[in-house]
Each structure stands twice: as structure tokens, then as C-alpha cells.
Amino acid sequence: YTAHVWGFSLPDENHVAAIYDVRYGRSGSQYWGRPLDQMYPELVRFLAERRLSPDAIKPEPRIRYVEGRVEADFTEYDRAAEFYFDRLGLPFSYTPHTFYLFGWGHPPKTFFGEQPYNGEPPYEEADRSKLRPEYKKAYQACLKVYWDHVKEKGWSDRIVLYISDEPHDWHAHIGIQMKALCDMIHEVDPAIPIYSSTWKHVPDWDGYLDVWGIGHYGRVAVDKMAELQQAGDRIWFTTDGQMCTDTPYCAVERLLPHYCFKYGADAYEFWGASWLTYDPYRYGWHSYIRQSSEPGKFYWVRYPNGDGFLIYPGGPLGQDAPVSSIRLENAREGVEDYEYLYRLKSLTQQAKAAGRDVSQAEQALAEAGGLVDIPNAGGRYSSKILPDPEALLRARIKLAEAIEELSK
């Protein structure tokens, strides 16, 4: 074997975020061997060692709303946040789940005993634009205490409020509901960034959402994404259902940071790193689960093979530590690809300003940029996006050679 050691190192800081929710499936705890609250720090470290990020800081702060007063204890939360941000260098965290408001086609959740609207759930006759004053008062009081605290700690630039997962915008009442809830949040502080995994652009929510969770395969035109960014909004890629075992060697996990770099996204997020329904060493598929995406509508669904987990439990193999996967290692490689791209782009700009020849660097960046495009077939068909996985390795070598050349 002949090894070439590149004459540069990657920074400890990540310039793109790869966010993976840490959660158990409905029968997953039996495979992990310990409750989630005990296993959570270990799974977070396991992700961070691979330049990946969990979705949230845990344990969450103890926040209560009692007789019009907010009671909050941030002791354990602060200890965890200092470790996550200062020691592990994690780039973002969602606000505590306390402040998550609704999913899919459902009405807002009850908040410390206060209902969002008059009447009975699911509030079919309610004016969704008019939240109950008592509801707003409770939510805003708690959010203000939390937001003031993270601002004082200097963490507010890393905190994003996840308001809703995949909201059913095609229902008029959900569109109205979203705007009312965003107004409630921004009344506390307009600087609070609100995120939703919309998958697409919803024009009626312009000026309400601050961070758009967009599908990377073409749900939003490239020109529209650029327009949103020019208006001050941020773009993340949302990726549920796409990180499966179908094509691990052409893995979309490896490619997503390339999409982020090419199209200016701050991050991509995925819904689960450790969610299990079966022993993954015995079965390569999930069990059916019952779920409801709208009030009164229930159905059975089986998620794609490997969906929701990229980390395997060590217990079934007789070991304590978690076990990595091809997909998880590809996710790390992708984040490191981003650092090659980021470094070379910066060196190219400096060299160009100094009048140096940057043709080699520009060619390497162009070749890497040509690996991904929007629209595309989507993550489950990554072999259509990248038929030859070796193309990525060749592109990375050219990036490294250009970095070395401009670093002289």
C-alpha cells in the first residue's frame, strides 16, 4: 500500500450541520438495553465523533406554568448544553419539545392545560386565526423565559424553534393556524428562527417561517430557493424516508452536504438515528405501525427498510457500545467533503484576489459541483444520482490536490 498524507488538516468546526434525531422506536428500548434518557448522551457522543449532530439538548429544562407564573430550572439543561456546544462543537439544537406545536394536519397541542381555541378538539368550527388569549399568554411567557435564558448564555444563534412536522398546508385551516402560531412566537422576539419541514415552498407563509425544510430532490425550484435566501430566509434540506438500506454505497447521506454546499443550505435534517421496530440484525425491514396524520383518521404504515436508524445497538452483539453502519460513515464522509469544498472555495477567493492562477481549483470545484443537481430522482434512488461511487473519491482527490497547491 502507498499512502499520501495531505498537507492540511480539517478544522474541528463544522461549517454545515447534519442533524439526526435521537429517539427510540415503539419497541426499540428492548434492543438498546437502557432507557433513552440514559442512552442519549452516549448516542450524542457517537454522532459527534462523526461530525454529526443530535436534534436537541437533553435533559430538557424543567419549565412549568402555574397560576400565571413560569417556574423554570435550567440546571441540568445548561450542563448538557455546555457539553454539547463547547466540548462537542454541535452547531444547532431545536428548542425543547415543550415549544413544538403541531404535526401534519392536527390542531395545536394543549399547552399546560390551556387549549388553543374555544370549543372541543379538533376545533372544526373554530377561527384558527384567533388563539385563546390564555393560551398565548401561557406559551409566550414560557418561551420568553427560555429565550431570554439562551440569549444570556450566548446560545441563541444556535437555537431553532421547530414548530411543525410536515404541515398539511393544502387545508385552509392549517395555513391560517400556522400564521397565527408564528405570530405568537415572533411577538416574543422576531429574532426567534422558526423551522418547519414543509418539503416545499408555501407562499402564504412567507414572512412567517424563517427556516424552510425543503426536499432536496426538486420540490422547490433552484431559483425560488435563491429568492428565499436573498429575502433573508434560510434553507435546510429535510430528508425523511430517504436514508434507507437500498443503496448504501451510493448513499444520499454522503451526497447531502454536497447539495448543501451547491445550493447554500445551512443544514440537512433526518428524523431518526436509532429508531427500531425489530432487531435490525435479524430483519432488514420494519413492522407496521398505526399512526394518525389528521384528527379521526388512523391507518397502518410500514416505513422503508432501514428508515429511522443509522446506528445499531451493541446489545444483540454482546457489547455495550453502539455500532456504526455504512450509511452513518457515509454521512461523516459527506460532512468532511463539505469541509474540503469550504476550504478550497475560501483559498480560491483569496488566491484570485492576489492575482494567482486558480484554474486547477475552479476545475476541481466545478467537478465536485457536477456530482449533484436539483431536480433529481431522490434519496432512495441514489444510484441514479451517483451510478459510480468512485466519482466522489476522484472528485475529493482533486479537491485535496487543489487545496495543497493553493496552500503553498
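The values are calculated or read from the model by the stated rules, or taken from the named source; none is laboratory data. Small disclaimer: the values here were computed from a predicted structure and weren't measured. Cβ coordinates were reconstructed from backbone atoms using ideal geometry, including for glycine residues, and neighbour counts include every protein chain displayed. We work out accessible area using only protein heavy atoms, side chains counted, and drop any ligands, DNA or RNA first. Shrake-Rupley method; radii C 1.70, N 1.55, O 1.52, S 1.80 Å.
Here are the numbers for this structure:
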read-out	value
For the stretch 17-29, Karplus couplings with θ = phi - 60° (6.51, -1.76, 1.60), whole Hz, Gly/Pro x	9, 10, 9, 10, 5, 9, 7, 9, x, 5, 10, x, 4
Ranking by accessible area, most exposed first, for Arg132, Arg290 with a 1.4 Å probe	Arg290, Arg132
Helix-only CD estimate at 222 nm, as mean residue ellipticity for the chain, using -39500 (n - 2.57) per DSSP H run (n ≥ 4)	-11500 deg cm²/dmol
The stretch 241-318 versus the stretch 1-70: alpha-carbon centroid distance in Å	16 Å
Distant-in-sequence amide H partners of Asp307 (H built 1.01 Å from N, under 5 Å)	Thr245
Global form of the stretch 273-348, assessed from the alpha-carbon gyration tensor, a/c cut-off 1.5	oblate
Between 0 and 90°, nearest 10: helix 172-188 axis offset from the chain longest Cα axis	90 degrees
Of Lys179/Lys224; Lys224/Lys297; Lys224/Lys384; Lys262/Lys352; Lys136/Lys262; Lys136/Lys297, those spanning more than 31 Å from alpha-carbon to alpha-carbon	Lys224/Lys297; Lys136/Lys262
With all protein chains modelled, accessible area of Thr2 [1.4 Å, Å²]	140 Å²
Solvent-accessible area per residue, Å², over the stretch 142-221 with all protein chains present [probe radius 1.4 Å]	36 Å²
Nearest 10 degrees, 0 to 90: helix 390-407 Cα axis against the chain principal axis	70 degrees
Share of carbon and sulfur in the accessible heavy-atom surface of the stretch 284-327 [1.4 Å probe, %]	55 percent
Around Asn376: net Lys/Arg minus Asp/Glu count, Cβ-Cβ under 13 Å	+3
Anchor Lys58: aspartates and glutamates whose Cα lies under 14 Å away (excluding residues fewer than 8 positions away in-chain)	Asp21, Asp37, Glu42, Asp73, Glu76, Asp78, Glu82
Exposure rank, largest accessible area first [Glu114, Glu13; 1.4 Å]	Glu13, Glu114
Accessible area, probe 1.4 Å, largest first, for residues Arg254, Arg302, Arg62	Arg62, Arg302, Arg254
In degrees, nearest ten, helix 36-48 long axis to first principal axis of the chain (Cα)	30 degrees
HN-Hα J in Hz across the stretch 222-238 - Karplus 6.51, -1.76, 1.60, θ = phi - 60°, x for Gly and Pro	4, 4, 5, 4, 5, 5, 4, 5, 5, 7, x, 7, 10, 10, 10, 9, 9
Option label - Kirkwood radius over Cα pairs in Å computed here, alternatives (1) 23.9; (2) 22.8; (3) 29.7	(2)
Amide H contacts of Phe237 (H built 1.01 Å from N, under 5 Å, at least 5 apart or other chain)	Ile214, Ala267, Tyr268, Glu269
